[in-house]
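The values are calculated or read from the model by the stated rules, or taken from the named source; none is laboratory data. Keep in mind it's a predicted model, so treat the numbers as computed, not measured. Virtual Cβ from ideal backbone geometry, glycine too; neighbours counted across all protein chains shown. Calculation scope for accessible area: heavy atoms of the full protein, side chains included, ligands and nucleic acids excluded. Shrake-Rupley method; radii C 1.70, N 1.55, O 1.52, S 1.80 Å.
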Amino acid sequence: MSKSSYVGIGLVNPKSPTNVGGIMRAVGCYSADAVFYTGKRYELAASNGTAQYNTDTKRASSSIPLTKVESLLDAIASDVKVVCVDLVEGAIALPEFEHPEKAIYIFGPEDGTINQQIVNSADAVVYVPTVGCMNLAASVNVLLYDRLAKSASIASDELIRSSRDTNNRVRVKR
């Protein structure tokens with residue numbers, strides 16, 4: 001029996017352990033299923049003993065796989081839609097985009113873009129409307145928030161209680 005929804009994140013040759021750690025925290029917050037990455041830069045930067053620089057403070061990487069792959073397109077099931085997220089001419093603005101039930105969202109590197117072959121293979125290409133480009137981890141957070149906001153009822157005190165920091169007990173005065 002297959003799961004009715006799937007959210008994967010694909011990273012093209014990321015260079016910063018800080019960003020990858022921030023992405024792992026985001027996938028934990030938004031219940032994504034997996035993170036895949038290509039290239040050697042992340043491993044080289046992380047090998048200096050300060051991997052992820054504590055940005056994955058919720059330790060999502062202990063329950064959500066972070067997997068190096070040779071090809072992001074070969075790492076996904078055939079029923080998963082490929083959605084590239086980048087500042088690419090002709091892309092769909094994120095507020096106008098309808099998320100598929102099963103998707104891998106592919107992001108380019110911090111200092112580059114997604115290669116044309118992957119863009120050509122995508123089921124959709126979207127961009128986050130900004131003035132200038134955002135940080136990689138911030139882009140993943142915005143994309144995952146948009147998916148959640150468009151797909152579920154998120155207004156709930158129960159969700160707030162389960163998500164907030166243990167030191168936060170503030171309530172709105174009614």
Report task. Using a 10 Å cut-off on Cβ atoms, rank the peptides 18-24, 165-171, 85-91, 106-112 from the highest mean neighbour count down. Result -> 18-24, 106-112, 85-91, 165-171
Report task. Sort Cys133, Cys84 by accessible area with a 1.4 Å probe, largest first. Result -> Cys133, Cys84
**Report entry** Sequence of Tyr37, Tyr145 when ordered by accessible area, the most exposed leading, probe 1.4 angstrom
**Finding:** Tyr145, Tyr37
Query raised in the report: Relative to the Cα centre, what is the charge dipole magnitude of the chain, using +1 at the beta carbon of each Lys and Arg, -1 at the beta carbon of each Asp and Glu, and rounding to the nearest 20 debye?
Result: 940 debye
Query raised in the report: Leaving out ligands, DNA and RNA, what percent of the accessible area of the chain is carbon and sulfur, probe 1.4 Å?
Result: 50 percent
Query - Under the Karplus curve 6.51 cos²θ - 1.76 cosθ + 1.60, θ = phi - 60°, whole-Hz ³J(HN,Hα) for region 79-93, x wherever Gly or Pro sits - result: 8, 9, 7, 9, 10, 7, 10, 6, 7, 10, 4, x, 6, 8, 5
Query raised in the report: In what sequence, largest accessible area first, do Ser16, Ser162 appear using a 1.4 Å probe?
Result: Ser162, Ser16
Requested in this report: Would you mind getting the accessible area per residue of the chain, heavy atoms of the protein chains only, 1.4 Å probe, in Å²?
Outcome: 59 Å²
Report summary line: Proximal lysine pairs in the chain, meaning Cα under 19 Å and 8 or more positions apart or interchain, come to 8
Query raised in the report: Taking only DSSP H segments of four or more residues, each worth -39500 (n - 2.57), what value at 222 nm results for the chain once the sum is divided by all its residues, to the nearest 500 deg cm²/dmol?
Result: -8000 deg cm²/dmol
Requested in this report: Multiply the residue separation of Arg164 and Ser71 by 0.36 nm, subtract the distance between their alpha-carbon atoms, and state the gained length in nm to one decimal.
Outcome: 29.8 nm
